[in-house]
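Written out below as structure tokens is the structure these notes cover.
The values are calculated or read from the model by the stated rules, or taken from the named source; none is laboratory data. Just so it is clear, the model here is predicted, and its values are computed rather than measured. All Cβ positions, glycine included, derive from the backbone under ideal geometry; neighbour counts span all protein chains shown.
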Amino acid sequence: MIEFPEKADQIKRWSQIFFFGLARILSISIILILLLILYFIVSRGISVISWEFLSAAPKESMTQGGIMPALVGTLYLIFWSMLIAFPIGVMAGIYVNEYSQDGRIKRFIKMMTNNLSGIPSIVFGLFGMALFVNYLNFGASILAGSLTLALLSLPLIIRTTEESLKSVDQGFRNGSYALGASKLYTIRKVVLPIAFPNIITGLILSIGRVSGETAPILFTCAAYFLPKLPSSVMEQCMALPYHLYVIATSGTDVAKTRPMAYGTALVLIIIVLIVNLFANLLRNYFASKVKMK
Amino acid sequence: MNIKIKTQNVHLYYGDFHALKDISVGMYEKAVTALIGPSGCGKSTFLRLFNRMNDLIDNVKITGEITIDQKNIYQIKQSHIDNLRRNVGMVFQKPNPFPKTIFENVAYGLRVNGINQEKVISDQVELSLRQAALWEEVKDKLKKSAFELSGGQQQRLCIARALAVEPSILLMDEPASALDPISTAKIEELIFELKKDYTILIVTHNMQQAGRISDYTGFFLNGELIEFDETKTIFTNPKNNKTESYITGRFG
């Protein structure tokens, strides 16, 4: 005879409530921590945000004025590093996933990209200084800094490209091959359009990372203070994370510049959010061109 | 009737696995040939010989002679494989339309071939959709995504896509196995129409289907072609005991 024992049902019910409750609390606490950080930065930084803060250079040994050169410098670094790293990373990801046969070379490339992503950013900074600044003689410059940041973000872009391509159903490729399309044509017209929105996620993550890094640009690009904007990629520039570090630790009057440090942090966060917003629009645009539904 | 496709002592290995064993057979032009047999017997592998889709799998070794119109398709240049595949269309088990519009799905093969006059393309798209008995259902929504169609319609779209590049042979790998009975009946009707112009090879799990639609049937077991004959002979008077056991449902 079939039975429905009450006690076992109670245990089942309570263990469900317990584990899902725990998961819910943990995920809510992550959101709370995020909000807390935002509140912390916004409440202390909002008071210094003004048109002058955004549009003027630092003055009076950085106790006055604004952060315009650092803001523009960070945008330069994002632009140039992504211009270098995104195409190279995407092509490398295509090679690894679509062309290389399973075997030693592929395993080696995968191992190296994983290792590369584990290297501390200060080591990238040192390497960038040795290779780009000294050996290739670019000097400390936007070019040297962008190349170093590009190296730093390559593993992430390669990995996301590879994963995005891997998730494209093999049936789409077979359908294309069966119509006489070459591998290159199939990748261009079928595989890449499907994978591209996800590939852009890698771009978004890289932008977040690049815009916040200090160590890689410390020796390769960042200037302590520049009253005007750089006129070519061979010049140094200021950058928000480095500027933040400077006015928070080694300025002339750290206590006096503290609110400006929070303001700088706030601007940095807002810049990352705005750039990500644009990248998201780009992703939605590419996603809308693929008629999945 | 002419023999269109011929294999002579063909063996195929996936690494160490001997998947096709010494297969010699001729298949007739403008007829439907069904390939039946239990799962893993090699019938799908056999089908993929003729558009060289097995080449895409690592560690495949093929020996023997495979000819289409008396030309050995394994002695052509690498760059001619594309031409071969245009001549030998394929429809897969799971409908696999591209995530593009209905129109662009059918136009894809034409664009692959470098055809870019829009008038030529749109005429051919309409013709192919008509041939695949799908035109009336989709003519008002050609710009909609192919994914809006039902599974059966998607499969007929894939057939239209294959027909658009005007192949002479159509390979079908269990084209109705993922479909409901009504969609299956439509595909079968369609196959019956298409054999007037095309040489059709169809892999099927469904013996009634093989009996209904095919002129010839080959029975595969463990990589061997056990018996090949006219369908009515295979189903009423098979020469081999194994064939008889399979079609009467004793195994498989």
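Every test in (1) of a type in the set (Ser, Thr, Tyr); (2) under 22 Å from A:THR186 (Cβ atoms); (3) without any contact (Cβ under 8 Å) to a residue 60 or more places away in the chain is passed by B:THR63 save one, and that test is (2). Exactly one condition in (1) within 17 Å of B:ILE36 (Cα to Cα); (2) hydroxyl-bearing (Ser, Thr, Tyr); (3) within 14 Å of chain A (Cβ to nearest Cβ) is false for B:SER168; which is it? Against the list (1) within 17 Å of B:ILE36 (Cα to Cα); (2) hydroxyl-bearing (Ser, Thr, Tyr); (3) within 14 Å of chain A (Cβ to nearest Cβ), B:SER168 comes up short only on (1).
Residues that are within 14 Å of chain B (Cβ to nearest Cβ) and part of a helix (DSSP H, G or I) within the stretch A:75-103 comprise A:GLU98, A:TYR99, listed in sequence order. Tell me which residues, restricted to the stretch B:106-119, are over 18 Å from B:SER145 (Cβ atoms), in contact (Cβ under 8 Å) with a residue 12 or more places away in the chain and either crowded, with 19+ Cβ neighbours inside 10 Å or away from chain A (no Cβ under 14 Å) (or both). The answer is B:GLY109, B:LEU110, B:VAL112. Among the residues that make up the stretch B:47-54, is at least one of them surrounded by fewer than 22 Cβ atoms within 10 Å (Cβ to Cβ), more than 9 Å from chain A (Cβ to nearest Cβ) and outside any loop (DSSP other than H, G, I, E, B)? The answer is yes; a qualifying residue exists. Here A:LEU165 clears all of (1) within 11 Å of chain B (Cβ to nearest Cβ); (2) more than 25 Å from B:LYS77 (Cβ to Cβ); (3) touching a residue at least 24 places away in the same chain (Cβ under 8 Å) except the condition numbered (1).
When we screen B:SER122, B:SER177 for residues that are more than 11 Å from chain A (Cβ to nearest Cβ) and in contact (Cβ under 8 Å) with a residue 60 or more places away in the chain, the only hit is B:SER177. For the stretch B:85-105, residues that are surrounded by 19 or more Cβ atoms within 10 Å (Cβ to Cβ) and either more than 8 Å from every other protein chain (Cβ to nearest Cβ) or free of Cβ contacts under 8 Å to residues at least 40 places away in the same chain (or both) total 8. Condition test on B:GLY26, is it in a strand (DSSP E or B), free of Cβ contacts under 8 Å to residues at least 24 places away in the same chain and either within 23 Å of B:PHE220 (Cβ to Cβ) or of a type in the set (Phe, Trp, Tyr) (or both)? Here the answer is yes, as B:GLY26 does meet what is asked.
Of all residues in the stretch A:272-293, one or more are under 30 Å from B:PHE103 (Cα atoms) and touching a Lys or Arg at 6+ places or on another chain (Cβ under 6 Å). Yes or no: B:ILE191 more than 17 Å from B:GLY109 (Cα to Cα) and at pLDDT 90 or above? Yes. Here is a check on your reading of the model: is A:THR257 outside any helix (DSSP H, G or I) and either in contact with a Gly (Cβ under 6 Å, 6 or more places away or on another chain) or within 14 Å of chain B (Cβ to nearest Cβ) (or both)? No: the conditions fail for A:THR257.
Do we find that A:PRO197 is within 10 Å of chain B (Cβ to nearest Cβ), outside any loop (DSSP other than H, G, I, E, B) and under 18 Å from A:ILE88 (Cα atoms) in this structure? So A:PRO197 fails the test.
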